[in-house]
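The values are calculated or read from the model by the stated rules, or taken from the named source; none is laboratory data. None of the values given here were measured: they were computed from a predicted structure. A quick note on method: Cβ atoms are made from the backbone with ideal geometry, for glycine too, and the neighbour counts reach across all protein chains shown.
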Amino acid sequence: MRFRWDQPFPPEYEMPTPPPAWLYVAIFFLLLCIFAGGTVLTWPQGQPVDSRQFLRTALVLPLLLSMAVGFGIFIVGYDLPAHEAAVKNSVRWELLKEWRRMVRIRNAVLDSTILAPEPELAERMLKLEGSPPHNPGRVMRLEDVVARDDQSRRHVMLEKLLAPLVPKLTEAVGSESFEVVLQCDDEEPSGDVQAAWRQLGLPGAPRIRRIGNDTDPEVAYHWFEDESHPYLDRTPKYRLVLAWHLHDAVPDTPQTASEAAVALLLGLPRLMQEKPDTKRQGWLMHQLVSEADQMDKSLKLLLRAEQVSPKQIRHFWYSRLKGLAQHSTLGAVRDAGIEVEQHALDPAIGPQAPVARWLLAALAAKMAHFGQGAQLVALPHERGVILNLVVREPDQPPMPWKEEYGFSLGPFYEFLFCVALWAFMLLASPDKTWGTFQTVATVAVVAVFLLSAGWRLFSIRVYSDDVWNKYG
């Protein structure tokens, strides 16, 4: 199915109520009175009433006919409607299950490194340590990233980013399913990455991809499971994202954004399926892209998806939002009924470059790992705003399968109806030997059963297609 955040779902189809038992009893006694009375009135004088003929006509025939009529009423009044509801409910269950699976597709944040102009940025912004930084409008530098005699600031920065990740990077590279993705201002950053890689003693030569700052931030959406995206030729198990903004990349140019750098080691769904117990800081959940003036509806859709209980969302991070996008986002969060603390990155460490996309993800993952609840993140997009949740562990709402969803998938009652009707027709025949009537009756009953069984199988496709065409 094609994923839609606003996916409609049918209400659960109601199972019908079976006909009451007294109805079958009444039918039997009515037919018994008719057949028994008719037999008595037409019975030849002088013949004993304890004969097999009298018993067959007065008792057995009304019993068989009442069974056939009863099964027919049960099939039409309950079995067929219940079969339809069961098929549609099973498809509805599959539809809802698949949608919930897709909305919970996620990337694991295995580890991260953050270089920001203010130390302990996440802890201070959440008031866990020290006072929150406040630098509105100030373009800041990474003061502790200093060039050495033979190494550029970029090289030093990369060493600082990679050094804390060496143990996990060694394991990731050893999996032979690993790549590095760079997002930065620099034109040719791969050489410094390779040099820092060798200097830290990391094995091999990693496959490196570069995406520019002008790349649609929605590119990360394709990292969940889309293998046909132009930035991918195969889906790895590990992906290291290195993103930074250094003033050195564009010297002698007025600087409008603060410096920052971040490294995110991601475990992709393929890895987490194979090794679900892999240690991680948190999860980057499936993101939602919204038009700026639809933020109230979009946030409700995100919360409806229950990637995590809304009560667990405690913090809201945002950066680089302006004008309508910022006002509508803040208004939607305010009116959504979630109690969150707001953390704007720009007033804390100055105006931000595109690296803020990954910086916010790393900050949110770190705080989720520190037990600060789920983190809501908002970033600009060319169509409006991207909303994303970063959680320690996503919720898994139960999807119970009800026994009634598999009700009467076979033509069982049609078979009983046909057997009772066939037996009635044979016993009601005046012929004592097998003849044309018995043959025609048998063929007719078999045809009725085959048609009913065929419809039962065909109806599964009809009812399934009906639900999928409307909602799938």
Legend entry - Single unsatisfied condition, A196 versus (1) among the aliphatic types (A, V, I, L, M); (2) in a helix (DSSP H, G or I); (3) exposed (fewer than 15 other Cβ atoms within 10 Å of the Cβ); (4) more than 35 Å from the chain's Cα centre (by Cα): (3)
Inset, instruction - Search region 6-44 for residues being in contact (Cβ under 8 Å) with a residue 60 or more places away in the chain and of a type in the set (S, T, N, Q), and hand back the single one that is surrounded by the most Cβ atoms within 10 Å (Cβ to Cβ). - result: Q7
Inset, instruction - Please give the number of the condition V69 fails out of (1) under 30 Å from I460 (Cβ atoms); (2) hydrophobic (A, V, I, L, M, F, W, C); (3) in contact with a Gly (Cβ under 8 Å, 6 or more places away or on another chain). - result: (3)
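Filtering region 384-420 down to residues that are touching a Leu at 6+ places or on another chain (Cβ under 8 Å) and at pLDDT 90 or above, which residue is surrounded by the most Cβ atoms within 10 Å (Cβ to Cβ)?
Looking only at region 384-420, we keep the residues that are touching a Leu at 6+ places or on another chain (Cβ under 8 Å), and these are 385-390, 399, 420.
Adding the requirement that they be at pLDDT 90 or above leaves 385-390, 420.
On the way: V385: 25, I386: 20, L387: 26, N388: 24, L389: 26, V390: 28, A420: 21.
Ranking the candidates gives V390 first.
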Inset, instruction - Check region 345-364 and report whether any residue there is charged (D, E, K, R) and modelled with pLDDT under 85. - result: no
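So that you can scan it fast, the table gives a plain yes or no per residue for (1) part of a helix (DSSP H, G or I); (2) on the phi > 0 side of the Ramachandran plot; (3) touching a helix residue (DSSP H, G or I) at 6+ places or on another chain (Cβ under 7 Å); (4) modelled with pLDDT of 90 or more:
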| position | (1), (2), (3), (4) |
| --- | --- |
| F71 | yes, no, yes, yes |
| A85 | yes, no, no, yes |
| S90 | yes, no, yes, yes |
| W93 | yes, no, yes, yes |
| E98 | yes, no, no, no |
| R101 | yes, no, no, no |
| E123 | yes, no, no, yes |
| P132 | no, no, yes, yes |
| P136 | no, no, yes, yes |
Legend entry - Options Q47, Q53; residue that is in a loop (DSSP other than H, G, I, E, B), more than 30 Å from Q375 (Cα to Cα) and free of Cβ contacts under 8 Å to residues at least 12 places away in the same chain: Q47
Inset, instruction - Starting from residues that are surrounded by 16 or more Cβ atoms within 10 Å (Cβ to Cβ) and in contact with a Phe, Trp or Tyr (Cβ under 9 Å, 6 or more places away or on another chain), keep the ones in region 291-306 and report whichever is nearest to Q375 (Cα to Cα). - result: L302
Legend entry - Residue within region 120-143 that is of a type in the set (A, V, I, L, M, F, W, C), under 30 Å from F35 (Cβ atoms) and under 38 Å from the mean Cα position of the chain (by Cα) present: no
Inset, instruction - Look through region 156-185, keep the residues that are crowded, with 20+ Cβ neighbours inside 10 Å and part of a helix (DSSP H, G or I), and return whichever of them is modelled with the lowest pLDDT. - result: A172
Inset, instruction - Could you tell me whether any residue of region 372-387 is part of a strand (DSSP E or B), at positive phi, over 22 Å from the mean Cα position of the chain (by Cα) and touching a residue at least 40 places away in the same chain (Cβ under 8 Å)? - result: yes
Inset, instruction - Would you please list the contacts, defined by Cβ atoms under 6 Å and residues six or more apart or on different chains, that run from a residue in region 317-329 that is farther than 15 Å from S290 by Cα to a residue that is buried (at least 20 other Cβ atoms within 10 Å of the Cβ) and among the hydrophobic types (A, V, I, L, M, F, W, C)? - result: W317/L360; W317/A364; W317/V377; S319/L345; S319/A356; S319/L360; R320/A356
Inset, instruction - Just give me the residues in region 389-439 being more than 37 Å from the chain's Cα centre (by Cα) and among the β-branched types (V, I, T), in sequence order. - result: V419, T433, T436, T439
Legend entry - Residues of region 421-441 that turn out to be exposed (fewer than 11 other Cβ atoms within 10 Å of the Cβ) and either touching a residue at least 40 places away in the same chain (Cβ under 8 Å) or in contact with a helix residue (DSSP H, G or I) (Cβ under 7 Å, 6 or more places away or on another chain) (or both), as a count: 1
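Restricted to region 50-62, and to residues that are surrounded by fewer than 18 Cβ atoms within 10 Å (Cβ to Cβ) and in contact with a helix residue (DSSP H, G or I) (Cβ under 8 Å, 6 or more places away or on another chain), which residue is modelled with the highest pLDDT?
This residue is V60.
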